[in-house]
1. Compute the distribution of all C-alpha to C-alpha distances in segment 158-211, in bins of 10 Å from 0, and list the percent of pairs in each, rounded to whole numbers.
2. For the chain, with the dipole built from +1 on Lys and Arg beta-carbon atoms and -1 on Asp and Glu ones, taken about the Cα centre, which of G138, G157, V28 lies farthest toward the positive end?
3. May I ask you to sort E208, E186, E50 by Cβ crowding, counting other Cβ atoms within 10 Å and putting the fewest first?
4. Pop a pseudo-label 7 angstrom from the Cα along the beta-carbon direction at both E58 and S169 and give the gap in nm to one decimal.
5. Return the long-range amide H neighbours of K49 (sequence gap of 5 or more, or a different chain), with a cut-off of under 5 Å between placed amide H atoms.
6. For the pair E216 and E43, what calculated FRET efficiency results from E = 1/(1 + (r/R0)^6), where r is the Cβ-Cβ distance and R0 = 45 Å, to the nearest 0.05?
7. Taking θ = phi - 60°, what integer Hz values does the Karplus form 6.51 cos²θ - 1.76 cosθ + 1.60 yield along segment 69-76, in sequence order, with x for Gly and Pro?
8. Using the crude model of +1 on Lys and Arg Cβ and -1 on Asp and Glu Cβ, and no other charge, please compute the dipole size for the chain relative to its Cα centre, in debye to 20.
Amino acid sequence: MIKGFVCAVLFFSHLLFPLARSDHQTDVWILIDLWKRRLYVMEGSQVKKEFIIGVGKEQTPTPIGKWRISDKSRNWGGGFGPCWLGLNIPWGRYGIHGTNRPGSVGKDSSHGCIRLLNTDIVQLYQMVPVGTRVEVVGPMLGRDEWQLKKLVRGDRGTLVMLIQHRLLSAGYYQGQPDGIFGKGLEDAVKKFQQDHRLPVTGQIQFREYVELGLIE
């Protein structure tokens, strides 16, 4: 992975999805740190509980951003453990759940969901209701050892939403950023490429990341 990140990109989640000030708050919320592979149950600015988690792999990263617990259920079966906490991520079905592979916790091991040990997810399930806010922070462009991802029409994820916001602010993208690489974004990328004398492919690769100011 390219190491020459612009500092603003490493912390883009705090700009695109700014953390709400919690100095005077007493609400319970969840902070997920992908760098440390930790989930924190917060009360205001204080940590109430800490859990080790498994997070998304290189090809299926965990979505970074500000979300909410949209639903709760028990006994999904299979590899999801005893409890499920769904997240309101617009481009797919993601959640916080248990696992039948305890050795995968603490690693980049999932398809984007957050894995906890089964004993831990039972505790978490009892601590947070539907509607609880969930802040996921981490490396926006992936870990240093990961390859820079090529984005094409049909891709989904936080990185797509980042591109949408960049092109929206530059006047190229007219849609609502939703993390889905559709025709509208493809057309915006092509116009951006034309204006910057890049090959007009409608795809995001190294040179597009550079021109968008995401790497240096």
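1. 27, 63, 9
2. Result: G157, furthest along the dipole toward the positive end.
3. Placing the least packed residue first, the sequence is E50, E186, E208.
4. Going from the E58 label point to the S169 one covers 2.9 nm.
5. For K49, the qualifying residues are V41.
6. So, using R0 = 45 Å, E works out to roughly 0.70.
7. My calculation for segment 69-76 gives 6, 9, 7, 9, 7, 10, 6, 5 Hz in order.
8. Working: 28 positive and 20 negative charges, 80 e Å.
In total the dipole reaches around 380 debye.
Here, each number is a calculation from the coordinates, and none is a lab measurement. For clarity, every value in this text was computed on a predicted model and none was experimentally measured. Glycine also receives a Cβ, built like all others from the backbone with ideal geometry; neighbour counts cover every protein chain displayed.
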